[in-house]
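The values are calculated or read from the model by the stated rules, or taken from the named source; none is laboratory data. Keep in mind that what you see is a predicted model, and the values were worked out from it rather than measured. Cβ coordinates were reconstructed from backbone atoms using ideal geometry, including for glycine residues, and neighbour counts include every protein chain displayed. To get the accessible areas, we keep the full protein, side chains included, count just its heavy atoms, and leave off ligands, DNA and RNA. Shrake-Rupley method; radii C 1.70, N 1.55, O 1.52, S 1.80 Å.
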Amino acid sequence: LLYGPPGCGKTLMAQATAGEIEASFLSVGLHQILDMYIGESEQKLHGIFELARRSRPAVLFFDETDALAADRRDMRQSAGRTLVNQFLSELDGLQASNEGLLVLGATNAPWQLDGAFLRPGRFDRVIFVPPPDFGARVEIAKIHARGKPLTGFDAEEIAKRTEGFSGADLKAVFDRATEEALGEAMRKGGMVPVTGKMLVKAAKEVKPSTRKWFESAKNHALYANQGGIYDDILEYLGLKK
């Protein structure tokens, strides 16, 4: 189970995992499972697992896992609990073997998952995916710079000014600077490159979206950290060594 702030590459890590082990990759979203008719959601979930089993070796990736695997104690309707039970049954391989199948999940709120999902044989490895560090931000900046008319671009300077930014936040920096260049080009009637100054300005205007997530995550890590499952958050925030 991959967890962390939104926009930090959990889905990309799942895709890369499939590529590294040369396996099929199946990505599942909520819209592919949830159905208004009773019993249909469970059938769809079973069908997805069967498709993954026929595609082995395969990586089966569930995005927004907390919505499919929510704590049953918080559910008022039995339909939601039935879907959770079906999910657990599929993970256990009670109806068919899961040999050769790697199931990955991603969530922004692991504390909302039913505790049964974190037992051995299910999502028994919980991995924190933090915002990109300095080196990663340098590489992300270089990727977003490809194919763009740039002048005065310094990837390390951008990385220094974007501490705590997610990958999505860094993309927003380049998008905002590009919009400024386009606006200037329209006024001048000719091509205007994206300058280093424009990027620095955009980095000041874009606020890291990860802050709100860490505010919430810190409370869970401090006061609902059974077994030290969220120690990585505390270490990242410098609250534990």
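Details
- Segment 34-108 holds helices (runs of 4 or more DSSP H) entirely within its bounds, and those carrying 3 or more residues that are among the polar types (S, T, N, Q) and over 22 Å from Q15 (Cβ atoms) map to 78-92.
- Just one residue in the set M191, M186 is more than 29 Å from F214 (Cα to Cα), among the hydrophobic types (A, V, I, L, M, F, W, C), over 25 Å from the mean Cα position of the chain (by Cα) and not in a helix (DSSP H, G or I); that residue is M191.
- Search result, residues across segment 1-35 that are open to solvent by 70 Å² or more (accessible area, probe 1.4 Å) and among the β-branched types (V, I, T): I21
- Among the residues of segment 36-60, those that are without any contact (Cβ under 8 Å) to a residue 40 or more places away in the chain, open to solvent by 50 Å² or more (accessible area, probe 1.4 Å) and of a type outside the set (K, R) comprise M36, Y37, E40, Q43, L51.
- Long-range neighbours under 6 Å by Cβ, at least six apart or interchain, first residue charged (D, E, K, R) within segment 1-30, second surrounded by 15 or more Cβ atoms within 10 Å (Cβ to Cβ): K10/L2; K10/A106; K10/V129
- Hey, V129 open to solvent by less than 30 Å² (accessible area, probe 1.4 Å) and farther than 30 Å from E99 by Cβ or not: no
- Scanning segment 112-140 for residues that are over 23 Å from L26 (Cβ atoms) and touching a Phe, Trp or Tyr at 6+ places or on another chain (Cβ under 8 Å) yields F128, P130, P131, P132, R137.
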